[in-house]
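*Asks:* Got a structure for you, questions after.
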Amino acid sequence: QVQLVESGGGLVQSGGSLRLSCAASRSIFTIYAMGWYRQAPGKQRELVAVMSSGSQLNYADSVKGRFTISRDNARNTVYLQMNSLKPEDTAVYYCYARWADYDYWGQGTQVTVSS
């Protein structure tokens, strides 16, 4: 199994920045894919950014050029640097991992962007 612990959410003004962290309970070298999804009120959960085996990156069109996903292998941690935040980025952000053909989720962290 994989436990995922997120941190770094909060309230920020439009145009501001936040960095989310997701610490995994096992070496991220063993995890096929890790990344971030988000869910706004009344909407479906959507992909934000995912890093797959071989460092392949996949970003939602709405965040390209503003968000950057990265990893620290020594800390078993994946980050999401979010710049130029917009009110429409307001959502609960979930860390995601794909390991041994199963999907794992963190508990979620709230990001609120005020206009």
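Coordinate-derived values only; no laboratory data. All figures in this text were calculated on a predicted structure; none of them were measured in a lab. Don't worry about glycine lacking a Cβ; one is built from the backbone with ideal geometry, like all the others, and counts go over all protein chains shown.
*Asks:* If you stretched the chain out fully between GLN3 and THR112, how much longer would it get, using 0.36 nm times the residue separation minus the C-alpha to C-alpha distance?
*Replies:* Gain on stretching GLN3 to THR112: 36.8 nm.
*Asks:* May I pose another question? At a temperature of 37 °C and a viscosity of 0.692 mPa s, determine how fast the chain diffuses translationally according to Stokes-Einstein, using the Kirkwood radius over alpha-carbon pairs as Rh; express D in µm²/s, rounded to the nearest whole number.
*Replies:* Details: Rh = 14.0 Å.
In µm²/s, the coefficient is 235.
*Asks:* To continue, here is another question. I need the peptides 44-56, 102-114, 78-90 ranked by packing, meaning the mean over residues of other C-beta atoms within 10 angstrom, with the highest value on top. Provide the component values of the computation, followed by the final result.
*Replies:* Working: 44-56: 14.0, 102-114: 15.5, 78-90: 18.2.
The most tightly packed comes first, giving 78-90, 102-114, 44-56.
*Asks:* Please list, by residue number, everything in segment 26-47 whose backbone N is under 14 Å from a paramagnetic label point 7 Å out along Cα→Cβ of ASP103.
*Replies:* Backbone N within reach: 33-39, 44-47.
*Asks:* Quick one: Debye curve from the alpha-carbon atoms of segment 19-70 only, equal weights, vacuum; give me log10 I(q)/I(0) at q = 0.23, 0.26 Å⁻¹ to two decimals.
*Replies:* -0.96, -1.12
*Asks:* Restricting the count to DSSP beta bridges whose residues both fall in the chain, what percent are antiparallel, rounded to a multiple of 5? Please list the in-between numbers first.
*Replies:* Values: 40 of 44 bridges.
The antiparallel proportion sits near 90 percent.
*Asks:* If you don't mind, there's one more thing I want to ask. Can you give the FRET efficiency for ASN83 and SER25, using 1/(1 + (r/R0)^6), R0 = 35 Å, r = Cβ-Cβ distance, to the nearest 0.05? Please list the in-between numbers first.
*Replies:* On the way: r = 29 Å, r/R0 = 0.82.
Plugging the Cβ-Cβ distance into 1/(1 + (r/R0)^6) gives 0.75.
*Asks:* In addition: Seen from all sides and averaged, what is the projected area of the convex hull of the Cα atoms in segment 60-115, in nm²?
*Replies:* Working: hull surface 19.7 nm².
Answer in nm², one decimal: 4.9.
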